[in-house]
Each structure stands twice: as structure tokens, then as C-alpha cells.
Amino acid sequence: MTFSFKRYLSALLFMPICSHHVLAEEADTLNLAPVQISDDASADPLHLDQPNATGSRLGLSARETPATVEVKTQADMQRKGLRTTKEAFADINGATVGNVPGNPAVLSMRGFTGNAVNVLQDGVRVASSTFTTRDVDTWNYERIEVLKGPSSVLYGEGALGGAVNMITRKASLDGQQLDGMLSYGSFATRRSAIGVNQPLSDSVAVRADLAYSQSDSLYDVEDQDTRSFGLTSSLLFKPNDDLSMLVAFDHFYDKYASTYQGAPLVAASAASNPSSIVDNPYGLVVDRSARRTNYNPDGASSGARSNMLRWTTDLRLNDDWTLNNLFSYYEARRTFFLSGEQNYNRSTGRLDRTVQRISHDHQFWSERLSLANDTFIGGHRNRFTLGGEYSYTDFSNPRQNGTLSSVDPLAPDVGSMPGSAAANWPGSGKNLVYQSNVENFALFSEDAFNLSDDWLLVGGLRYERIDLRRTIDDLNLGTEQKSHPTYEPFSWRLGTVYELTPEVQLYGQYSTAVTPVSSLLTISTANGAFDLSKGRSVEVGFKASLFDGTTSVLGSLYWIELDDILTRDPNDSTLTVQGGTQVSKGMELSLASQLTRQLRADLGLALVDARYTELREAGGADRAGNHPVNVPHTTASAGLTYTFDRLPVSIGASLKHASGFYTDTANTYFVKGHTLLDASLAYELKNATVTLRGRNLTNRFYGEYSGYSSTQVYIGAPRSAELGVTFRF
């Protein structure tokens with residue numbers, strides 16, 4: 001195709017104009033048929049041999065990385081019917097996910113939750129995952145890469161339980177492509193998406209992807225209309241093999257007409273249809289009859305709108321040296337106008353409700369420059385990178401908190417959401433404005449040295465200086481607090497991979513991480529005076545490809561300890577000090593196998609024993625030996641997909657199991673475990689695949705996560721069905 005300046009200029013104009021109206025995503029070539037398995041997938045079903053951008057900056061494959069790396073491609077997500085961020089995260093082996101309104105798709109991994117797990121967009125960490133992660137459509141992502149365990153050496157503070165990298169689709173020079181998707185399902189859930197990749201010349205290509213979804217409620221809850229949009233677009237300029245430049249722009253939007261806070265526990269005598277899914281010594285139950293009830297006031301809502309610009313340059317200086325530069329700019333506006341807690345009052349038989357008006361005005365930019373070398377030292381291959389990174393965050397956070405009138409659990413008169421004026425704010429409410437500015441400077445280095453053809457040594461170092469300037473204005477009292485804490489964490493890792501055979505590798509690693517005692521952007525003045533909590537981990541495991549590469553297996557054992565978490569002084573329980581400790585021990589096993597040309601199997605098993613070895617709370621209560629909240633001991637999954645030999649038809653079924661978990665550190669409220677059954681039937685056409693999918697086919701009533709209060713339990717979605725079509729030209 002010859003280059004046309006007019007077409008090139010039109011494409012440049014098209015991207016920013018569409019960003020105000022539609023949602024899309026950058027993508028590479030892929031087979032969208034949810035049941036068709038390509039030759040590459042059957043030869044490497046867990047993607048062990050593909051270059052991985054998340055486990056290292058050295059271009060190592062998952063097989064070469066001395067840690068557990070899990071990859072989900074767009075084809076994997078479509079085959080399994082993973083529609084949203086939350087569903088994709090829940091498919092990570094060993095992970096559990098909740099949809100808490102203040103932090104949608106909040107993730108728990110290896111015994112650690114929330115801001116102890118980093119979520120990245122194309123390798124960029126904007127802030128704590130509890131601020132930036134949204135439950136958006138998976139269509140926007142080419143793949144999701146997961147690095148398990150401490151990874152502060154790569155991504156800075158917060159990466160203790162692991163890091164999840166959401167990699168958007170990208171423009172490609174491989175040819176013109178058009179793909180899309182339409183679906184309709186239970187609870188009036190509609191999804192639609194389309195993506196176009198267009199080379200403009202031998203060296204320039206553009207891509208834009210649009211996705212839209214809407215539902216009355218993904219949980220089948222009253223008054224919870226949900227919408228999300230996403231646009232991802234990119235321009236690739238690659239004049240030769242030595243230079244590549246990619247400019248990408250993403251726009252995401254989501255809004256909940258109201259939010260789901262979970263089902264409140266009530267006295268069994270007050271429930272018209274009491275369930276037995278929660279054990280506790282107080283006789284409280286989840287009432288099945290209130291399963292769909294929304295206790296938020298009229299006018300409650302939450303949502304987010306964000307834009308992100310990235311400019312990536314890769315320059316090969318010579319045969320050994322390459323230069324990489326990544327500039328990122330991000331802005332977001334988030335709102336949370338809702339009743340956060342709805343707690344049963346035994347003396348009145350009613351639900352006492354809190355109310356919040358919270359907004360985020362968030363701006364962030366970063367510049368990362370690194371130099372990489374790939375050469376031989378004394379006949380041994382050595383891969384090395386050295387770089388620096390600077391980022392700046394401006395975060396404004398008005399917060400109003402108060403109380404609403406209590407309501408009858410069975411016949412609630414929810415009332416209306418109060419306005420923002422101080423005179424309208426109910427109860428003894430607070431009216432605060434947090435203003436945070438964070439400067440972060442980091443130096444990092446990694447090295448992978450082949451001691452022999454079979455033995456690889458991998459190490460990394462990272463130094464950070466974090467300057468936080470915080471102002472808290474109390475608009476009710478007319479007071480102002482200022483603080484300026486500075487943190488200088490140092491993280492490192494050292495690991496090795498030994499190749500028993502070309503198909504089987506053993507690995508081991510020691511790594512460290514740091515995490516703040518609470519999210520840096522909203523940390524209180526008192527907590528800002530504490531140092532970062534420090535984590536360390538040991539992991540050993542194996543990676544194997546068996547039966548001519550048609551079967552992939554990952555196995556790992558790990559131990560993680562987090563020190564210096566906040567606790568109460570054992571000699572004076574009114575004083576908060578650092579000194580608490582949490583330890584997490586576990587194992588994970590993943591297997592994917594193309595058993596025959598027609599039959600594929602996927603298996604996952606994770607066991608974790610996470611406990612506080614030292615923790616005291618208000619009043620001197622000793623929590624040593626207790627489990628952290630929202631961490632089940634066992635998660636497991638099993639799936640089979642069968643493609644008929646003489647019919648363009650595939651059938652699939654999967655089981656997912658999670659054991660019970662606690663909703664409080666006192667371990668008094670225990671939510672029982674559950675097992676879910678999903679199934680699918682797909683029909684293959686020339687350029688399209690039609691899929692009928694059923695979820696939670698046994699209509700299991702179960703709790704999946706806890707909310708802001710230990711007596712609120714998120715009930716999983718009931719039985720549902722979906723009919724969809726994907727197409728590609």
C-alpha cells in the first residue's frame with residue numbers, strides 16, 4: 001500500500017475525535033473464535049516461551065523468569081467467556097476478587113489484598129490499585145500478564161502480593177484487520193465491540209478499538225444500571241528495524257446508577273428466608289429474600305472517567321545496545337456518592353447507614369528511560385538493563401462523610417442522597433479535602449547471566465525516593481494539617497533458573513518489597529509518620545512442557561513475610577506502632593493440555609495459609625494466629641473444551657471452587673466456600689463464532705467477598721445465560 005499523507009492525517013484526527021464519543025482498544029492480530037485453538041496455543045498452552053514484558057525488563061520469557069508468571073491472551077479470555085476486569089482477575093490461579101464500590105475489581109493474591117497488589121496499564125503504575133482499577137470490558141486488552149509475589153524491584157511500592165499488567169491492543173504493520181463482538185444476556189446485559197487495524201504505509205499503521213457494555217445489574221440487584229465505555233487507539237511508526245515509535249491514547253468511562261454494597265447480616269428472627277452461608281456466634285444471617293434489595297438512597301451513583309497518553313520509543317543503537325523511553329500522562333475523575341455501610345442494629349431491628357460524597361481529581365505523568373545490553377561475557381550470554389524513572393502525581397480528594405436515616409431491611413424507605421452543600425450534610429458529618437502531591441524518583445537495574453547453557457542467574461535492584469506533600473483541610477472546623485513525609489525504599493531480588501532438559505526448568509528466588517501502611521494518596525497525617533512496611537519472600541518451583549509441548553505445567557511453593565504493619569503497643573493499647581507481622585505460605589499448580597486434537601483441559605489449584613503472627617488491635621485484642629480478611633485457604637478450577645471432528649461445534653464446561661474466608665481480623669464472621677458450574681456451546685462459521693454460555697448453572701447462593709463492614713457480604717451473581725457472536729475479517 002502506498003503512503004497517503006491525506007489518509008495519514010485523517011487517521012491522526014480520527015483518534016482524538018472518537019475518544020470523546022466511543023470506547024476502544026489497541027489490538028494485534030488474533031483469532032477471536034472462542035473455541036478454535038491455534039497451532040501456537042496447542043504447542044505452548046500456558047505461553048511459557050513467549051517474551052514477557054511483566055516478569056522482567058530484559059525480554060525474558062516466562063520460562064526464563066525465576067518466578068510464577070501467568071498469561072491470559074485475548075483468545076484465552078474469549079474462550080473462557082471472561083467479560084470484565086473482575087472476571088479476568090478471578091480466573092488467575094489463586095486469586096479472589098471483589099467489587100467493592102470504592103475500589104472495583106479489588107484483588108487478593110497470595111494472602112495479600114488491595115494496595116499490596118499492583119495493577120498496571122501497559123507497564124505503567126499510576127497509583128495504588130485500589131484507586132485506579134476499574135471493572136471494564138476485557139475486549140480492550142491484547143493480554144493480561146501476572147507476576148506472582150513481591151515485585152517492587154520492578155514496579156515500586158505496593159507490589160507485595162504481585163503485579164498484574166493490563167496490555168492493550170496495539171497497531172500493527174501485519175495487514176488490515178477488522179474484528180468485533182456482539183452479545184446479549186441475562187439482566188439485560190449487552191456488549192458490543194469493534195476493532196480496526198490499518199497500515200498506512202510500509203512504516204506507519206493505526207489501530208482503534210471501541211467497546212460498549214450496559215446491564216441492569218451484573219449482580220441482578222435493583223436500581224443498579226451499569227455502563228462502561230472504552231476507547232484505545234494507537235499510531236505505530238517503524239521506518240526500519242532499528243527504530244520503533246508508538247503513540248497510544250486510551251479513554252475509559254464507567255458509571256453505576258447506584259452501587260451494590262453487599263447483603264447485610266441481620267438477626268435470623270428478622271429474616272423472612274434466612275440462609276446458612278455465614279457462620280458467626282451472634283445469630284446473624286443473610287436473608288435470601290433481600291438478595292436483590294438496594295439500600296442506597298435515590299441519587300446515589302459512582303463512576304470514573306480517565307484518559308491516558310503513552311509515547312514509547314525503542315531505538316537499537318548497535319548490535320548490543322538498545323534504548324527505551326516511555327512517557328506517560330494520565331488524568332481521571334472519579335465519584336463515589338453512596339451509602340458505604342449498612343449495618344444491622346439489633347436494638348431497633350433496622351439497618352444503620354453511613355453516607356459518603358467522595359471525588360477524585362487525579363493527574364499523573366511519568367518519564368522512564370532505560371538502556372539495555374545483550375552481549376557475551378567470556379563466552380556467556382549476559383542481558384543487562386539500567387534506567388531511571390520520574391513521576392509526579394497531583395491528587396485532590398474532597399470527602400464528606402455522615403449518616404443517613406436507618407431503614408427496615410425488608411421494606412426500606414431509602415430516601416435521597418444529600419447534596420454537597422455543608423448545610424445539607426446529615427449527622428455529625430465530616431467535610432474534608434485531601435490534597436496530595438507525590439514526586440517519585442527511581443533508579444533500577446536488572447541482569448540475567450548464563451552461567452552455562454543450562455543455568456541462568458537473574459538479579460535486580462531498585463532505589464526510590466518518594467516525596468509526599470499532604471494538606472488536609474477540615475471545612476467544618478476551619479483547620480488545616482500539613483505533612484511532608486519522605487521515603488527511600490530499596491528493593492532487590494536474586495533468582496536462578498536451571499534447565500534439567502529443554503522442556504523442564506527448576507527455579508528459585510529471594511525477593512523483597514515495600515508497601516505503605518495505607519494508600520499514599522490518602523494516608524492520614526499520623527500514619528504518614530510511619531515508615532513503609534517491608535516484605536520478603538522465598539519461592540521455588542518448576543516449569544515444564546510435556547508430550548511434544550501440548551501440555552504445560554507450572555508449580556510453585558512460596559513464603560512471604562510482611563513486617564512493620566500497624567499494631568497497638570502491647571504495653572499501651574491506646575498507642576499505634578509499627579511491629580505487626582503477617583506471614584503467607586502456599587503452593588500453586590497450573591496445567592493446560594491439548595489432550596487430543598479435539599480435547600483441551602485446564603486445571604488450577606492454589607493453597608495458601610495466611611496468618612498474622614503479631615497483631616494487636618484496639619483494646620489490646622490479640623489477633624496473632626488469625627487469618628486476614630477475604631483470603632480463602634483453597635481455590636481450584638477445572639475446565640474441558642471439546643471440538644467435534646466433523647461438526648463446526650465445540651462444547652465446554654468448567655468448575656470453580658473457593659473455600660471459605662473471614663470478613664474480620666477477629667475471625668468471628670466466616671463465609672462458607674462454594675463451587676460454581678459454567679458451560680458453553682459454540683458454532684463455528686466461516687468468519688464468525690456464535691456462542692451460547694451459561695454461568696452458575698446450579699444457581700448457587702454464595703458469598704464472594706466482604707465489603708467495608710465485616711457484616712456486609714457480596715453475594716455472587718445468580719444463574720445467567722448469554723448469546724454472543726465474534727467475527728473477524
List pairs: first in the range 272-284 and over 16 Å from residue 700 (Cβ atoms), second of a type in the set (A, V, I, L, M, F, W, C) and assigned to a loop (DSSP other than H, G, I, E, B), Cβ under 7 Å, 6+ apart or cross-chain? 272/410
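In the set 600, 623, which member is buried (at least 18 other Cβ atoms within 10 Å of the Cβ), basic (Lys, Arg), touching a Gly at 6+ places or on another chain (Cβ under 9 Å) and over 22 Å from residue 675 (Cα atoms)? So that I can check it myself, show each step before the final result.
Details: 600 fails: over 22 Å from residue 675 (Cα atoms).
Going through 600, 623 in turn, the sole match is 623.
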Take the conditions surrounded by 24 or more Cβ atoms within 10 Å (Cβ to Cβ) and in contact with a helix residue (DSSP H, G or I) (Cβ under 8 Å, 6 or more places away or on another chain) and apply them to residue 114. Does it pass? no
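Only one residue in 312, 322, 259 is in contact (Cβ under 8 Å) with a residue 12 or more places away in the chain and out of contact with any Leu (no Cβ under 6 Å at 6 or more places or on another chain), so which one is that?
Details: 312 fails: out of contact with any Leu (no Cβ under 6 Å at 6 or more places or on another chain); 259 fails: out of contact with any Leu (no Cβ under 6 Å at 6 or more places or on another chain).
Residue meeting the stated conditions: 322.
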So in the range 485-517, with the set limited to residues that are aromatic (Phe, Trp, Tyr) and closer than 30 Å to residue 469 by Cα, which one is surrounded by the most Cβ atoms within 10 Å (Cβ to Cβ)? 487
Of the numbered conditions (1) of a type in the set (Lys, Arg); (2) over 30 Å from residue 246 (Cα atoms); (3) at pLDDT 95 or above; (4) crowded, with 21+ Cβ neighbours inside 10 Å, residue 310 satisfies every one except a single condition; which is it? (2)
Residue within the range 375-387 that is surrounded by 15 or more Cβ atoms within 10 Å (Cβ to Cβ) and closer than 28 Å to residue 130 by Cβ present: yes
Which residues, taken from the range 518-537, are buried (at least 16 other Cβ atoms within 10 Å of the Cβ) and out of contact with any Ser or Thr (no Cβ under 6 Å at 6 or more places or on another chain)? 518, 520, 522, 523, 530, 532, 534, 535
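So which strands (runs of 3 or more DSSP E) stay within the range 444-524 end to end and still have 3 or more residues that are within 25 Å of residue 565 (Cβ to Cβ)? Reasoning before the result, please.
Values: elements: 455-474, 479-483, 490-501, 504-515.
Because the criterion is at least 3 residues that are within 25 Å of residue 565 (Cβ to Cβ), the strands (runs of 3 or more DSSP E) in the range 444-524 that meet it are 455-474, 490-501, 504-515.
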Here are some residues: 394, 374. Which one is at pLDDT 95 or above, acidic (Asp, Glu) and closer than 30 Å to residue 432 by Cβ? 394
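Would you mind stating whether residue 406 is in contact with a Gly (Cβ under 9 Å, 6 or more places away or on another chain) and either under 30 Å from residue 457 (Cβ atoms) or not charged (D, E, K, R) (or both)? Break it down stepwise before answering.
Working: in contact with a Gly (Cβ under 9 Å, 6 or more places away or on another chain): no; either under 30 Å from residue 457 (Cβ atoms) or not charged (D, E, K, R) (or both): yes.
Answer is no for this residue.
Any residue in the range 293-301 that is acidic (Asp, Glu) and modelled with pLDDT of 95 or more?
No, because not a single residue in the range 293-301 is acidic (Asp, Glu) and modelled with pLDDT of 95 or more.
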Which numbered condition trips up residue 706, out of (1) closer than 26 Å to residue 76 by Cα; (2) crowded, with 21+ Cβ neighbours inside 10 Å; (3) among the small types (Gly, Ala, Ser)? (1)
Starting from residues that are buried (at least 21 other Cβ atoms within 10 Å of the Cβ) and assigned to a loop (DSSP other than H, G, I, E, B), keep the ones in the range 208-218 and report whichever is modelled with the lowest pLDDT. 218
Positions within the range 170-202 being among the small types (Gly, Ala, Ser) and either crowded, with 23+ Cβ neighbours inside 10 Å or touching a residue at least 60 places away in the same chain (Cβ under 8 Å) (or both), in sequence order: 171, 172, 175, 180, 183, 185, 186, 193, 195, 201
Which residue out of 701, 729 is within 25 Å of residue 650 (Cβ to Cβ), touching a residue at least 40 places away in the same chain (Cβ under 8 Å) and among the aromatic types (Phe, Trp, Tyr)? 729
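Quick check on my filter: what residues within the range 432-467 are aliphatic (A, V, I, L, M) and in contact with a His (Cβ under 8 Å, 6 or more places away or on another chain)? Explain how you work it out, then say what you get.
Step one: list which residues in the range 432-467 are aliphatic (A, V, I, L, M), which gives 432-433, 438, 442-443, 448, 451, 456-458, 461, 466.
Selection gives 451 alone.
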Condition first: within 25 Å of residue 536 (Cα to Cα) and either free of Cβ contacts under 8 Å to residues at least 60 places away in the same chain or basic (Lys, Arg) (or both). Now tell me which residues in the range 134-160 satisfy that. 148, 155
With the range 45-126 as the region, which strands (runs of 3 or more DSSP E) entirely inside it contain at least 1 residues that are on the phi > 0 side of the Ramachandran plot? 103-109
If a residue has to be farther than 30 Å from residue 453 by Cβ and touching a Gly at 6+ places or on another chain (Cβ under 6 Å) to count, how many in the range 471-513 make the cut? 3
Which of (1) surrounded by fewer than 21 Cβ atoms within 10 Å (Cβ to Cβ); (2) at pLDDT 95 or above; (3) within 24 Å of residue 217 (Cα to Cα) is the odd one out, the single condition residue 666 does not satisfy? (3)
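Name every residue in the range 709-724 that is closer than 25 Å to residue 78 by Cβ and part of a loop (DSSP other than H, G, I, E, B), in order of residue number. Outline the logic, then answer.
Let us first name the residues in the range 709-724 that are closer than 25 Å to residue 78 by Cβ, namely 716-724.
Correct list: 716, 717, 718, 719.
Suppose we keep only residues that are out of contact with any Gly (no Cβ under 6 Å at 6 or more places or on another chain) and surrounded by 20 or more Cβ atoms within 10 Å (Cβ to Cβ) within the range 636-653. Which one would you say is farthest from residue 593 (Cα to Cα)? Before the answer, list the steps.
From the range 636-653, those out of contact with any Gly (no Cβ under 6 Å at 6 or more places or on another chain) are 636, 638-640, 642-653; that's our starting set.
Remaining after also requiring surrounded by 20 or more Cβ atoms within 10 Å (Cβ to Cβ): 639, 643, 650, 652.
Values: 639: 11, 643: 14, 650: 16, 652: 14 Å.
Checking each candidate, the answer is 650.
The values are calculated or read from the model by the stated rules, or taken from the named source; none is laboratory data. A quick note: this is a predicted structure, and the numbers were derived from the prediction, not measured. Every residue, glycine among them, receives a Cβ derived from its backbone with ideal geometry; neighbour counts consider all protein chains shown.
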